[in-house]
Structure formats: structure tokens, C-alpha cells
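A.B. asks: Have a look at this one.
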Amino acid sequence: SSRSGCSAFLVHVFFVSVVLSPPIVAVPMFSNPSRALARLVARAPAVRSPLHRQAGFSTVSAAGAPHGGSLVDLMVKDAAQAKALKASAVKTIELNERQACDVFCLINGAFSPLSGFMDEAAYDTVVQDMRLPEKQLFGLPVTLDLSDIEGLKSGDKLLLRWGGEDVAVLDASSIWKPNKVVEAKEVYGTSSLEHPTVYSLIAEQGSFYVGGRLHGLSSPKFKYLVQTPAEVRKTLPEGKDVVAFQNRNPIHRAHFELLKCAQRDVADSTLLVHPTCGPTQPGDIDGIVRIDTYEALRKETEQEYPMFRWAYLPYSMKMAGPREAIQHMIIRKNFGATHFIIGRDMAGTKSTITGDDFYGAYDAQETGKKHSAELGVTVTHYENMVYVGPEEGYVQESEAKKQGKKVAKLSGTEFRRRLRSGEEIPEWFAFKSVVDILRKAGDKAFC
């Protein structure tokens with residue numbers, strides 16, 4: 001227990017049930033293998049031929065190693081080959097930001113072991129079972145949606161463009177019309193259009209999916225600095241555990257106290273602050289504005305917390321609750337994490353009509369713990385951190401209740417009202433540097 005009253009729940013599981021084929025088979029593994037060994041695995045040759053690893057490869061991963069054992073790199077290194085691929089394309093697709101984020105994650109290995117957009121077979125098994133055909137865990141389907149497939153046939157090549165640049169060529173090996181109601185029910189736990197991403201999936205996105213291997217031509221660029229898994233791994237100290245934190249909102253005091261707790265509780269660790277900065281649900285803070293707040297906070301705290309690393313991920317949030325928690329664990333594992341923080345209501349969302357939650361507050365934590373050993377990623381999870389006054393600062397909510405402490409509160413709604421009105425926002429709640437940036441952005445700060 002630290003000075004600020006935090007105590008991590010570290011999930012170390014030594015046996016995991018892996019669904020290969022009935023019956024369930026117990027596979028032993030160590031909870032925290034050597035990161036040095038993991039780095040050797042990470043430097044193994046990249047996966048370059050199948051859409052994902054072939055059957056027979058172990059579904060259990062070592063801590064710190066990429067998911068599937070090798071970090072996928074789909075960038076075409078030969079200029080002549082890149083030119084020939086572009087010339088062979090029968091159609092050009094202009095990507096939206098959501099799709100460009102997926103291309104970035106695919107060609108740079110954030111979605112390892114995938115080496116392209118999922119084909120129909122992989123899509124079906126991931127939707128139904130949260131596993132690739134070879135039984136490797138994968139949280140969410142990764143698909144390229146199109147509204148029009150007229151004239152397109154299996155075997156054609158598509159040139160993918162984003163921001164005025166040719167970013168990839170897709171071998172269209174699989175073209176189909178999915179049952180999106182089934183996808184919504186299985187992946188999001190609901191087919192209700194009151195779920196913002198289910199609404200987008202059914203009412204806004206293309207009716208057809210195209211899957212196949214990707215050939216990277218140029219890593220998609222965004223309005224903020226991004227780092228690939230290989231680049232982030234180079235910044236991580238040898239031999240240290242890496243605790244990753246994903247978020248999609250500005251970091252306020254309670255968040256930062258949680259980060260300090262996590263870094264202290266995992267001895268001699270590096271803390272990777274790894275926000276997602278792509279499209280998210282309506283009402284969230286705009287990605288560019290969030291980047292500005294993260295950079296201000298990084299500069300403000302880097303002298304006192306040199307063990308923190310900051311990197312920004314172009315990823316489109318799906319608000320899929322427990323299944324998205326698994327997706328985030330896999331992504332951070334590919335970036336080098338050995339531990340992953342899952343907070344209350346991670347990747348959760350509410351009905352756009354009633355405001356009711358679609359997922360339980362701790363569903364994501366429980367799902368993460370269930371698959372922790374198989375992924376080789378230790379889940380660290382905390383209760384809400386609450387402020388009880390200047391003497392003790394932040395403590396866990398249960399500790400405050402046990403001691404009968406009065407908790408200072410400021411709701412998100414009240415915070416936004418004060419932002420807009422210019423009223424004082426207490427420093428115990430938010431960093432002044434963050435508040436200044438949000439106020440300067442005004443209503444443009446919100447999606």
C-alpha cells in the first residue's frame with residue numbers, strides 16, 4: 001500500500017484453458033518470463049505470407065513478446081515491387097479516418113499476428129468465438145467495409161489512399177456481405193441502435209467487407225505524432241516490466257494518481273501511457289485537443305517521473321466493453337507491455353436514449369483476468385481513486401468509505417459546465433495546464 005492509498009490487484013495465473021478443440025486442454029506457462037527472451041522473440045523475422053499465423057503455432061504467448069510470437073511488418077521495402085503493386089490495382093479506395101487507423105495498425109504490427117484485413121473465415125471465428133481460425137485469441141474483427149463492390153472480384157488488387165497518399169495495396173481474396181445484426185449481438189453484446197458503434201456499424205458503414213493480405217506502401221500519417229510498435233519497443237529499457245495504460249480522455253489528477261500507483265506496485269517498471277487518438281464516440285474530447293493535453297502533461301511531469309513513456313496510437317474506439325479490453329491488451333502486448341491497467345468501465349458506453357450502461361462496471365476487468373495468462377499480459381486493476389483532502393490526497397474509494405472520509409466530487413457534467421463558463425476548476429481535480437488547453441479549444445474540443 002502506497003502513500004496515496006493504492007494497492008494493485010495483480011493477476012498471476014499459472015495455468016490457462018486454451019480452446020483448441022473439445023475438450024478444453026490445460027496449458028502450463030510461467031506468469032512473467034524474461035523480457036530479454038521476449039525481446040529476442042520480438043526480433044524474429046516478421047510474418048509476411050498468411051493473413052495470420054498458421055495452425056499449430058502456440059496460442060499461449062510469452063510476456064513482452066508480440067502476439068503470435070513475431071511482430072508483423074507489412075511495409076514493402078523494394079521500390080520496384082511497390083510500383084508494380086500499384087500498377088496492378090483495379091480500383092482506388094479513399095479511406096476514412098477509421099479505416100486509415102486500421103491500416104496503420106495492420107502494416108506496422110499493432111494487430112499482430114494479422115497480416116491483412118480479415119477474410120470471411122477469420123471474421124466468422126472472431127465474431128463467434130473471439131478467436132482466429134488457428135485458435136489464437138483476438139478481441140474484435142478487423143475489416144475493410146465498402147459500400148460498392150460492383151465489378152470487384154476475388155483476386156483483384158485495391159489501392160488504398162489516405163490524406164492524398166497511397167498507403168497500401170490490398171489483395172482482395174475474400175468479398176462478402178456480413179450479417180451485421182449477428183456481428184453487433186456477438187461483438188457488442190447488443191443489436192440496439194442506442195449503442196453508438198452499433199448504430200455506426202449498421203446505419204453508416206459499408207454493407208460489404210473485403211479481406212486479404214495488405215502490402216504497405218507508406219505508413220498512414222495523422223495530425224499528431226505516432227509511433228509504431230517497433231519504435232516504441234526501442235525506447236523501453238532492457239529487462240524491465242512495462243505497464244501500459246490506455247485511455248481516450250484527458251488525464252486528470254485521479255488518472256495520474258492511478259498511474260503512479262501502478263508504476264510503484266510493479267517494481268522497477270516502466271509506465272507506458274498509450275492513449276488512443278483516432279475516432280471515438282460523440283461527446284468525447286477531440287483527438288487533436290487530447291494530444292495537446294497529453295503533451296503538456298508529459299512536459300510538466302517528465303522530470304519527476306522519468307520512468308514514464310508517452311506514445312500515441314491511431315486507433316478507432318469501438319466502445320465494445322469486455323471484448324475491446326482484450327483487443328487493447330493484444331495491441332499493448334505488441335507494443336512491448338507485460339502488464340496492462342484495466343480501470344472501471346473500460347471501453348464502456350451508454351444508451352444514447354436512456355443513458356443506461358451497456359456493460360457492467362467490472363466486466364472488462366473480469367474478461368481481461370480470464371485471458372491474462374494466455375496472452376502473457378498481467379492485468380493490474382484499481383478501484384476509483386477519490387480525493388479526501390490535502391493531507392491524504394487520493395485514496396481508493398473503498399478505503400475512503402472504510403475510514404469514513406468525506407470525498408470531494410466533481411462530475412463530468414459539472415466539469416464541462418465550468419469549462420464553458422470560465423468558472424474555477426479545483427487543482428485537486430485537474431491539472432491547470434490541461435484545463436487551459438481545453439478552455440482555449442472551447443466547443444471545438446468535443447467530438
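A.B. asks: Using amide H atoms built 1.01 Å from N in the peptide plane, name the residues 5+ places from V142, or on other chains, whose amide H lies under 5 Å from its own.
C.D. replies: Placed amide hydrogens put M118 under 5 Å from V142.
A.B. asks: So, one more: Accessible area per residue of segment 256-358 at 1.4 Å probe, in Å²?
C.D. replies: Normalised by residue count, the accessible surface of segment 256-358 is 30 Å².
A.B. asks: Between L272 and residues 5 or more places away or on another chain, which pairs have amide H atoms under 5 Å apart, with H built 1.01 Å from N, and which residues are they?
C.D. replies: V243, A244, F245, R309
A.B. asks: A follow-up question, please. As a test of reading the structure, rank T352, T125 by solvent-accessible area (1.4 Å probe, protein chains only), most first.
C.D. replies: T352, T125
A.B. asks: Per 0.36 nm of contour for each residue apart, how much would the distance between A79 and K401 grow if the chain were fully extended, relative to their Cα-Cα spacing?
C.D. replies: 109.6 nm
A.B. asks: Test of understanding: express the Cα radius of gyration of segment 305-447 as a ratio to 2.2 N^0.38 Å, with N the residue count.
C.D. replies: For segment 305-447, the normalised Cα radius of gyration comes out at 1.22.
A.B. asks: Applying the Karplus parametrisation 6.51 cos²θ - 1.76 cosθ + 1.60 with θ = phi - 60° to the phi angles of segment 206-213, what ³J(HN,Hα) value in whole Hz is obtained for each residue in order, glycine and proline being reported as x?
C.D. replies: Along segment 206-213, the couplings run x, 7, 10, 10, 10, x, x, 5 Hz.
A.B. asks: Still on this model: How charged is the neighbourhood of G164? Take every other residue with its Cβ under 11 Å from the Cβ of G164, and add Lys/Arg as +1 and Asp/Glu as -1.
C.D. replies: -1
A.B. asks: Here is a follow-up. So how far apart, in nm, are the two label points at E302 and D148 if each is 7 Å from Cα heading toward Cβ?
C.D. replies: 4.7 nm
A.B. asks: Still on this model: On a 1.4 Å probe surface of the protein chains, which of R420, R298 comes out largest in accessible area, and what is the full order?
C.D. replies: R420, R298
A.B. asks: Right, here's the next one. May I have the extent of the alpha carbons of segment 221-375 along their three principal axes, as whole Å values ordered from largest to smallest?
C.D. replies: Here the Cα extents, ordered largest to smallest, are 47, 36, 30 Å.
A.B. asks: Segment 112-167: which trypsin sites (Lys or Arg not before Pro) are DSSP loop and have at most 11 other beta-carbon atoms within 10 angstrom?
C.D. replies: Sparse-neighbourhood loop trypsin sites (Lys or Arg not before Pro): K153.
A.B. asks: Mean shadow of segment 90-137, computed from the convex hull of its alpha carbons, in nm²?
C.D. replies: 4.1 nm²
A.B. asks: Moving on. Explain nothing, just compute: Karplus ³J(HN,Hα) = 6.51 cos²θ - 1.76 cosθ + 1.60, θ = phi - 60°, for every residue of segment 216-221 in order, whole Hz, x for Gly and Pro.
C.D. replies: So the J values, rounded to whole Hz, are x, 9, 7, 4, x, 9.
A.B. asks: Under unit Cβ charges (Lys, Arg +1; Asp, Glu -1), what dipole magnitude, rounded to 20 debye, does segment 293-375 have relative to its Cα centre?
C.D. replies: It comes to approximately 260 debye.
A.B. asks: Which entries of K135/K369; K91/K223; K157/K185 have Cα-Cα distances beyond 29 Å here?
C.D. replies: Violating the 29 Å Cα-Cα cut-off are K157/K185.
A.B. asks: Here is a further query. If each Cα of segment 281-345 is one equal point scatterer, what is log10 of I(q)/I(0) from the Debye formula at q = 0.15, 0.25 Å⁻¹?
C.D. replies: Listed by q, the Debye log ratios stand at -0.64, -1.28.
A.B. asks: If Lys and Arg each add +1 and Asp and Glu each add -1, what is the summed charge of the other residues whose beta carbon sits under 9 Å from the beta carbon of L95?
C.D. replies: Neighbour charge sum, excluding L95 itself: -1.
A.B. asks: Further question on the same structure: If DNA, RNA and ligands are ignored and the probe is 1.4 Å, what is the ranking of F138, F208 by accessible area, most exposed first?
C.D. replies: F208, F138
A.B. asks: Once amide H atoms are built 1.01 Å from N in the peptide plane, which residues 5 or more positions from S173, or in another chain, come under 5 Å H to H?
C.D. replies: Answer set, sorted by chain and number: G155, G211, G212, R213.
A.B. asks: In square nanometres, what is one fourth of the surface area of the convex hull spanned by the alpha carbons of segment 328-371?
C.D. replies: In nm², the orientation-averaged hull projection of segment 328-371 is 3.4.
A.B. asks: Place a +1 charge on the Cβ of each Lys and Arg in segment 163-310 and a -1 charge on the Cβ of each Asp and Glu, then give the dipole magnitude about the Cα centre in debye, rounded to the nearest 20.
C.D. replies: In debye, rounded to 20, segment 163-310 gives about 120.
A.B. asks: Among the aspartates and glutamates, which fall within straight-line cross-link reach of K409, defined as a Cα-Cα distance under 19 Å, with same-chain neighbours fewer than 8 residues apart omitted?
C.D. replies: Correct list for K409: E257, D345, E383, E391, E392, E397, E399, E423, E424, E427.
A.B. asks: Another question about this same structure. How big, in percent, is the set of alpha carbon pairs in segment 217-272 lying more than 16 Å apart?
C.D. replies: Beyond 16 Å sits 57 percent of the P(r) for segment 217-272.
A.B. asks: From the phi of every residue in segment 142-151, what ³J(HN,Hα) in whole Hz does the Karplus formula 6.51 cos²θ - 1.76 cosθ + 1.60 yield, where θ is phi - 60° and glycine or proline is x?
C.D. replies: Along segment 142-151, the couplings run 10, 10, 9, 9, 10, 8, 9, 10, 4, x Hz.
A.B. asks: Further question on the same structure: Mind checking the full-extension length gain between D356 and E231? Use 0.36 nm per residue of separation minus the Cα-Cα distance, one decimal, nm.
C.D. replies: Contour length minus Cα-Cα distance gives 41.0 nm.
The values are calculated or read from the model by the stated rules, or taken from the named source; none is laboratory data. These numbers come from a predicted model, not from an experiment. FYI the Cβ positions are ideal-geometry reconstructions off the backbone, even for glycines, and counts take in every protein chain you see. The protein model used for the area step is the full one, side chains on, heavy atoms only, and it has no ligands, DNA or RNA in it. Shrake-Rupley method; radii C 1.70, N 1.55, O 1.52, S 1.80 Å.
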